[in-house]
Ligand code: C5P
């Protein structure tokens with residue numbers, strides 16, 4: 001499915017978003033529309049991106065009662081997005097309802113959007129897991145058990161840190177997709193992310209897709225940063241995977 005590098009379009013100003021995309025004219029991108037942009041520009045933005053020929057990951061991380069998630073997904077499937085997500089911690093019934101909603105809303109002749117579950121956000125640290133969320137296990141166990149729950153519920157994969165990919169693949173199988181944010185090029189600031197990883201390392205750990213935001217959107221020359229990222233991602237010796 002297109003490029004394995006997903007560019008996070010985290011812009012709250014439409015003009016900024018358009019200027020950013022203009023630099024990539026002619027390139028078919030895999031872009032991520034998250035809450036920041038979708039809550040302001042909505043379905044019309046997704047439609048514009050699809051018209052430009054880009055693949056779209058709609059990152060709204062749904063987490064609500066099963067019936068609400070089902071109805072929401074039915075509507076979102078109609079936008080023709082390629083990838084969408086829910087919080088795996090919403091439970092198996094919620095995830096199954098999400099899939100049923102997506103199937104019901106997918107237009108005739110189109111493929112159902114792939115649906116992945118967020119395990120633990122990459123901004124969550126071990127310390128937060130214990131002292132704020134009161135989760136009585138460590139990050140790795142929590143991530144793997146949520147990945148197993150997502151797989152058992154029929155989801156196509158999960159969002160996690162690249163650092164957890166080997167364990168997820170071992171528990172859920174090679175074909176279970178891993179989409180990994182928290183990617184930083186050398187010298188970039190981690191910002192609010194905790195479990196960060198370079199593109200090269202993410203690839204060697206077996207990530208299927210990396211999600212990159214500020215390392216590209218905040219770069220002096222986003223196009224040059226994207227090129228560096230592409231070559232870091234591609235040039236890894238496949239034997240090391
Ligand atoms: O700027 P940065 O590269 O940190 O952006 C990462 C993007 O991935 C953001 O849009 C964030 O919402 C998203 N994301 C994440 N962690 C997750 C799921 C999504 O950082 N677990």
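Of all residues in segment 154-175, count the ones that are over 19 Å from residue 121 (Cβ atoms) and in a loop (DSSP other than H, G, I, E, B).
5
For residue 148, are the conditions met, namely being under 18 Å from residue 86 (Cα atoms), assigned to a helix (DSSP H, G or I), in contact with a helix residue (DSSP H, G or I) (Cβ under 8 Å, 6 or more places away or on another chain) and more than 14 Å from the ligand (Cβ to nearest atom)? Steps first, please.
Numbers: under 18 Å from residue 86 (Cα atoms): yes; assigned to a helix (DSSP H, G or I): yes; in contact with a helix residue (DSSP H, G or I) (Cβ under 8 Å, 6 or more places away or on another chain): yes; more than 14 Å from the ligand (Cβ to nearest atom): yes.
The answer is yes for residue 148.
Here is a yes/no grid of residues against (1) buried (at least 17 other Cβ atoms within 10 Å of the Cβ); (2) within 27 Å of residue 184 (Cβ to Cβ); (3) in contact (Cβ under 8 Å) with a residue 60 or more places away in the chain:
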site: 19; (1), (2), (3): no, yes, no
site: 23; (1), (2), (3): no, yes, yes
site: 27; (1), (2), (3): no, yes, no
site: 38; (1), (2), (3): yes, yes, no
site: 42; (1), (2), (3): no, no, no
site: 76; (1), (2), (3): yes, no, no
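Quick one: which of 153, 207, 175 is modelled with pLDDT of 95 or more, more than 9 Å from the ligand (Cβ to nearest atom), within 25 Å of residue 33 (Cβ to Cβ) and out of contact with any strand residue (DSSP E or B) (no Cβ under 7 Å at 6 or more places or on another chain)? Break it down stepwise before answering.
Details: 207 fails: out of contact with any strand residue (DSSP E or B) (no Cβ under 7 Å at 6 or more places or on another chain); 175 fails: within 25 Å of residue 33 (Cβ to Cβ).
When all the criteria are applied, what remains is 153.
Hey, residue 88 hits all of (1) crowded, with 17+ Cβ neighbours inside 10 Å; (2) within 24 Å of residue 168 (Cβ to Cβ); (3) at pLDDT below 95 but one; which does it fall short on?
It is condition (3) that residue 88 fails.
Within 15 Å of the ligand (Cβ to nearest atom), without any contact (Cβ under 8 Å) to a residue 40 or more places away in the chain, surrounded by fewer than 16 Cβ atoms within 10 Å (Cβ to Cβ) and within 20 Å of residue 193 (Cα to Cα): does that describe residue 129? So that I can check it myself, show each step before the final result.
On the way: within 15 Å of the ligand (Cβ to nearest atom): yes; without any contact (Cβ under 8 Å) to a residue 40 or more places away in the chain: yes; surrounded by fewer than 16 Cβ atoms within 10 Å (Cβ to Cβ): no; within 20 Å of residue 193 (Cα to Cα): yes.
No, not satisfied.
Could you grab me the full set of residues in segment 8-36 that are within 15 Å of the ligand (Cβ to nearest atom) and out of contact with any strand residue (DSSP E or B) (no Cβ under 8 Å at 6 or more places or on another chain)?
Correct list: 11, 12, 16, 17, 20, 36.
Answer yes or no as to whether residue 60 is without any contact (Cβ under 8 Å) to a residue 60 or more places away in the chain, within 16 Å of the ligand (Cβ to nearest atom), in contact with a helix residue (DSSP H, G or I) (Cβ under 9 Å, 6 or more places away or on another chain) and more than 27 Å from residue 90 (Cα to Cα). Lay out the reasoning, then the answer.
Numbers: without any contact (Cβ under 8 Å) to a residue 60 or more places away in the chain: yes; within 16 Å of the ligand (Cβ to nearest atom): yes; in contact with a helix residue (DSSP H, G or I) (Cβ under 9 Å, 6 or more places away or on another chain): yes; more than 27 Å from residue 90 (Cα to Cα): no.
When the stated conditions are applied, residue 60 does not pass them.
Just a yes or no: is a residue in segment 218-236 assigned to a strand (DSSP E or B) and near the ligand (Cβ under 9 Å from one of its atoms)?
Step one: of segment 218-236, the residues assigned to a strand (DSSP E or B) are none.
No: segment 218-236 contains no residue that is assigned to a strand (DSSP E or B) and near the ligand (Cβ under 9 Å from one of its atoms).
The values are calculated or read from the model by the stated rules, or taken from the named source; none is laboratory data. The shown structure was predicted, so the numbers you read here are calculated from the model rather than taken from an experiment. Cβ sites come from the backbone with ideal geometry, for glycine too, and all protein chains shown count toward neighbours.
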